Amino acid sequence: MKIEIEHLSRRFGSMIAVDDLSFEVNAGEVLGFLGPNGAGKTTTMKIIAGFLAASSGRVRVGEHDVGRSPLAVKRIVGYLPEGAPAWPDMTPIGLLHFAARVRGMTLAAREHRIGLLVEQLALREVLLRPVETLSKGFRRRVGLALALLHDPAVLILDEPTDGLDPNQKRQVRELIRSLSRDKIVVISTHILEEVEAVCTRAVIIRRGRLVADDTPDALAARSRWHGAIGLRLAEPVAAEAFNGLDGVVDVEEAGRDGRAWTLFIAPKAQGGAAVDKVRARLAASGSSVRELWLHRGRLEEVFHELTLEPTEAA
Amino acid sequence: MRAMTAVMLRELSSYFATPLAYVFIVIFLVLNGTFTFYLGGFYERGQADLTPFFGFHPWLYLFLVSAIAMRLWAEDRRSGTLELLLTLPIRLREAVLGKFLAAWIVVGFALLLTFPIWLTVNYLGEPDNGVILASYLGSWLMAGAYLAIGSCMSAASANQVIAFILTAAVGFLFTVIGYPMVLDAAYGWLPQVMVEAIAAMSILTHFQGIARGLLDLRDLLYFIVMIGGWLIATAIVIDLRKAG
């Protein structure tokens, strides 16, 4: 099972929402689909889910072409649309049974799956309340239950944790992680920590075009924070204390008391040798190190640089 | 079929979960009574038939059915539930038909609840119950035609008020082109063939045909084509306008 997106474009009038986008997602992957607002994430997901047609290019899910056999694709895809829409006068239990009936699930299968999802997503207390009276967090979880209903091989989730509180976010992330062994999961999100927490791969798009496709770690490693050394000292020092250190390209004070510092290291000099040199220098100047750590890199910064609009950069 | 039934049942329960169906039915019955007895001179005519009752139906439907039809698709488009519905494994035609049937059933139910007037004429005299039955069928078919027009207009606009106005306007057009006054005026400056062609398009002409008690195949066919045609147009419009 895989999703193949080949030269996908989608125009709305003269506006190009998705511009010659190509990538693949394989089983077992959790793909984080990132980009600033209006970059074309939602449009791409709508096309994969079979709601919108592509202007050109094609999308295949498993062996089915979304354009040619949308029904077959919709059977194996679970989709959470942006904003988790639901009919306001329906109850979660009514919604779930409706979707299950449309999907042709038998009564026994329906009750089993719905029971399971109600537990997993903690929906029991709101099952009989109209959706319009539910909080944003509950609505989102009802939407997730709808997407997961038929235990789909492919999950397309447009901002699955939007509107959830930190505990609920964590639950949903755990749920996604627990699902993903043999499934394909594509999630779009603004929250970069989420990508680091659940995604095995991140695709970043900007103005409908792919600008990066890598693991979250590899992406984070592109930032100047990657391999930077964090320090906390017993006594305050001035920035000049680090002057002339090999491989240090920049020094920034991390706290306000002169005790915490970040030393940015040139890519070639990163690693143990740089740490040893810093230690040696500090020992020589008589400062004692309380803590020392290495930064992994900051995805946020890489995201910002990759998606910066030319006008903003200028 | 399974998916269509599921959509129809969902819609039906939605009509009755909100005040919509009840308001529609009550207003329909009250207006029917008022029109029939006061404007239609039901008693004064001294005839045991339901002609005044059915005579007002085209005008009642023109705005009541438009009101029930306006939300068919506009609401789903606006709230995003259209996306939820159409990313389930369902054919567009099943969704269109399911929604239409649910609304048609609600209208049919309201129509059935006018049975006291049928009891009244049977108490007062000896009406031709065959004609009354045919008229009920014709009235329901006519409601279906207005509803199918409304379905298409609702699909064309995410704004319910606009959908309502468009439905009433198009419905009005399809109604008045069968009116003798309009046809007489047209005879003056149009060839007879064209006037007859226009008259043949009218909902009113075909309804009156059935309401006279003549179940002409052409009248039935007209309503089937009318409903089918507008529903196909609905599906096309939804497909074209999904993005917007």
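The values are calculated or read from the model by the stated rules, or taken from the named source; none is laboratory data. What you see is a predicted model; the values in this text were computed from it and never measured. These area figures cover heavy atoms from the full protein model, side chains too; ligands, DNA and RNA do not enter into them. Shrake-Rupley method; radii C 1.70, N 1.55, O 1.52, S 1.80 Å.
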Next on the checklist: Quick check on chain A: of the DSSP beta bridges with both residues there, what percent are antiparallel, nearest 5%?
Outcome noted: 65 percent
Item to check | Euclidean distance of C-alpha centroids, region B:47-82 and region B:166-244, integer Å | outcome: 16 Å
Checklist outcome for this item: The long-range amide H neighbours of A:VAL249, using H built 1.01 Å from N in the peptide plane and a cut-off of under 5 Å, are A:PHE264, A:ILE265, A:ALA266
Item to check | 0 to 90° range, to nearest 10: angle between helix A:166-179 axis and chain A longest Cα axis | outcome: 70 degrees
Checklist outcome for this item: P(r) of region B:120-244 over all Cα-Cα pairs, 10 Å bins starting at 0, rounded to whole percent, reads 13, 34, 30, 18, 5, 1
Checklist outcome for this item: To the nearest 10 degrees, the tilt of helix A:136-148 (Cα long axis) against the first principal axis of the alpha carbons of chain A is 70 degrees
Checklist outcome for this item: Taking region B:27-112, the equivalent ellipsoid from its C-alpha gyration tensor has semi-axes in Å, biggest first, of 37, 12, 8
Checklist entry - Along region A:6-13, what does the Karplus equation 6.51 cos²θ - 1.76 cosθ + 1.60 (θ = phi - 60°) give for ³J(HN,Hα), rounded to whole Hz, x for Gly and Pro? => result 10, 6, 6, 10, 9, 10, 10, x
Next on the checklist: For chain B, take the longest principal axis of its alpha carbons; what is the angle in degrees between that and the long axis of helix B:129-156, to the nearest 10 within 0 to 90?
Outcome noted: 30 degrees
Checklist entry - How many angstrom separate the Cα center of region B:83-127 from the Cα center of region A:64-95? => result 27 Å
Checklist entry - Projected area of region A:182-314, taken from the Cα convex hull and averaged over every viewing direction, in nm²? => result 10.7 nm²
Checklist entry - Under 5 Å between amide H atoms, partner at least 5 residues away or on a different chain: which partners does A:GLU29 have, H built in plane at 1.01 Å? => result A:VAL185
Checklist entry - From Cα coordinates alone, what are the radius of gyration and Dmax values for region A:1-115 in angstrom? => result 16.0, 49
Item to check | Within the accessible area of chain B (1.4 Å probe), percent carbon and sulfur | outcome: 73 percent
Next on the checklist: If you roll a 1.4 angstrom probe over the protein chains with everything in place, what fraction of the accessible area of region A:220-305 belongs to carbon and sulfur, to the nearest %?
Outcome noted: 48 percent
Item to check | Vicinal HN-Hα couplings computed from phi for region A:46-53 (Karplus, 6.51 cos²θ - 1.76 cosθ + 1.60; Hz; Gly/Pro x) | outcome: 5, 5, 4, 6, x, 7, 10, 8
Item to check | Gyration tensor (Cα) of the protein assembly as shown, equivalent ellipsoid semi-axes in angstrom | outcome: 66, 24, 20
Item to check | region A:37-61 and region A:177-248: distance between their alpha carbon centers, rounded to Å | outcome: 27 Å
Checklist entry - When all alpha-carbon pairs of chain A are counted, what percent fall beyond 34 Å? => result 37 percent
Item to check | Nonlocal amide H pairs with A:LYS2, under 5 Å, H built at 1.01 Å | outcome: A:GLY62
Checklist entry - Taking θ as phi - 60°, what are the ³J(HN,Hα) couplings along region B:171-177 by the Karplus curve (6.51, -1.76, 1.60), each to the nearest whole Hz, with x for Gly and Pro? => result x, 4, 4, 5, 8, 5, 5
Item to check | Among A:ASP151, A:ASP250, A:ASP162: highest mean-square fluctuation, GNM of chain A, C-alpha pairs under 10 Å | outcome: A:ASP250
Checklist entry - Per residue and in cubic angstrom, what volume does the convex hull of the Cα atoms of region B:102-149 have? => result 54 Å³
Checklist entry - Per residue, how much space in cubic angstrom lies within the convex hull of the C-alpha atoms of region A:159-237? => result 175 Å³
Checklist outcome for this item: Mean accessible area per residue over chain A (1.4 angstrom probe, all protein chains present, square angstrom) is 46 Å²
Item to check | Interface burial for B against A (accessible surface, 1.4 Å probe, total of both chains, Å², rounded to 100) | outcome: 2400 Å²
